[in-house]
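See structure below.
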Amino acid sequence: MKHAVTLIETVVAVGVFAVLSVVGSVLLFGILRGSKKSAAVSVVRAEGANIINSMTGMLRFAQEIKSCGNSSITFAPPAGNDITYTIIGNSIASNSAAISSNHVIVNNLVFSCSPIPPKTKIININFLLKRDPTTSVFDQAEIPFQTKVVLRNRD
């Protein structure tokens with residue numbers, strides 16, 4: 001006795017295969033999207049940590065805070081000329097040399113000093129770091145950073 005495949009069995013098999021293919025594709029694209037988002041967040045976090053470490057390392061040993069504005073601060077380091085941190089374009093700069101890379105964009109850089117210069121003892125630093133918007137939608141990330149620096153060379 002020969003066993004043949006009927007048209008209904010073939011249609012059911014193709015339908016099950018199509019449903020499984022769609023579900024597998026959706027899961028695969030979801031995993032890839034999550035991986036890209038995770039990589040973008042990792043880049044922004046690493047860049048933000050680098051900026052915070054660079055600024056706090058210099059500010060902590062400042063001899064004098066010369067000016068403390070909303071988006072810039074000027075101080076006298078232990079040796080050498082005054083240093084100014086400010087936002088230039090989309091990056092944070094130290095005396096016009098960028099300390100953030102072109103992979104991220106800096107928004108809302110704010111310095112607040114207390115008490116006011118030149119008797120400043122505490123500096124609050126806040127900024128928002130975003131992944132470069134020219135990348136795909138799935139590569140976007142935005143993280144706020146903040147820290148407080150207590151000056152060590154103050155009375």
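In the stretch 75-155, a dipole from Cβ-located charges (positive for Lys and Arg, negative for Asp and Glu) runs towards its positive end, and of CYS113, ALA97, ILE125 it is CYS113 whose Cα lies farthest in that direction. Rounded to the nearest 10 degrees, the inclination of helix 7-59 to the longest alpha-carbon principal axis of the chain is 10 degrees. Pairs of Cα atoms nearer than 8 Å and 6+ residues apart set the relative contact order; for the chain it is 21 percent.
If the chain linking GLN146 and ALA97 were pulled fully straight, counting 0.36 nm for each residue of separation and taking away their Cα-Cα distance, it would gain 15.5 nm. Annotation: amide H-H contacts under 5 Å for ILE88 (H modelled 1.01 Å from N, sequence separation of 5 or more, or interchain): ALA93. Among the protein heavy atoms of the chain, carbon and sulfur supply 61% of the accessible surface, probe 1.4 Å, non-protein parts ignored. 3J(HN,Hα) couplings calculated from phi for the stretch 113-128 with the Karplus curve 6.51 cos²θ - 1.76 cosθ + 1.60 (θ = phi - 60°) are, in sequence order, 10, 9, x, 5, x, x, 8, 4, 10, 10, 10, 9, 10, 9, 7, 10 Hz; Gly and Pro show x.
Straight-distance candidates among the lysines for linking to LYS66, with alpha-carbon spacing under 20 Å and chain neighbours fewer than 8 residues away dropped: LYS119, LYS121, LYS148. The relative contact order of the stretch 105-149, computed from alpha carbon pairs under 8 Å that lie at least 6 residues apart in sequence, is 37 percent. A Cβ-based charge dipole, computed about the Cα centre of the chain with Lys and Arg at +1 and Asp and Glu at -1, lands at about 320 debye.
Accessible surface area normalised per residue over the chain is 62 Å², counting heavy atoms of protein chains with a 1.4 Å rolling probe. Values (1) 127; (2) 139; (3) 162 are given for comparison; volume of the Cα convex hull per residue in Å³, derived from the coordinates here, is the one labelled (2).
The values are calculated or read from the model by the stated rules, or taken from the named source; none is laboratory data. For clarity, every value in this text was computed on a predicted model and none was experimentally measured. Counting neighbours? That spans all protein chains shown, and the Cβs are built from the backbone with ideal geometry, glycine included. When the accessible area is computed, the model is the full protein with side chains, heavy atoms only, and any ligands, DNA or RNA have been set aside. Shrake-Rupley method; radii C 1.70, N 1.55, O 1.52, S 1.80 Å.
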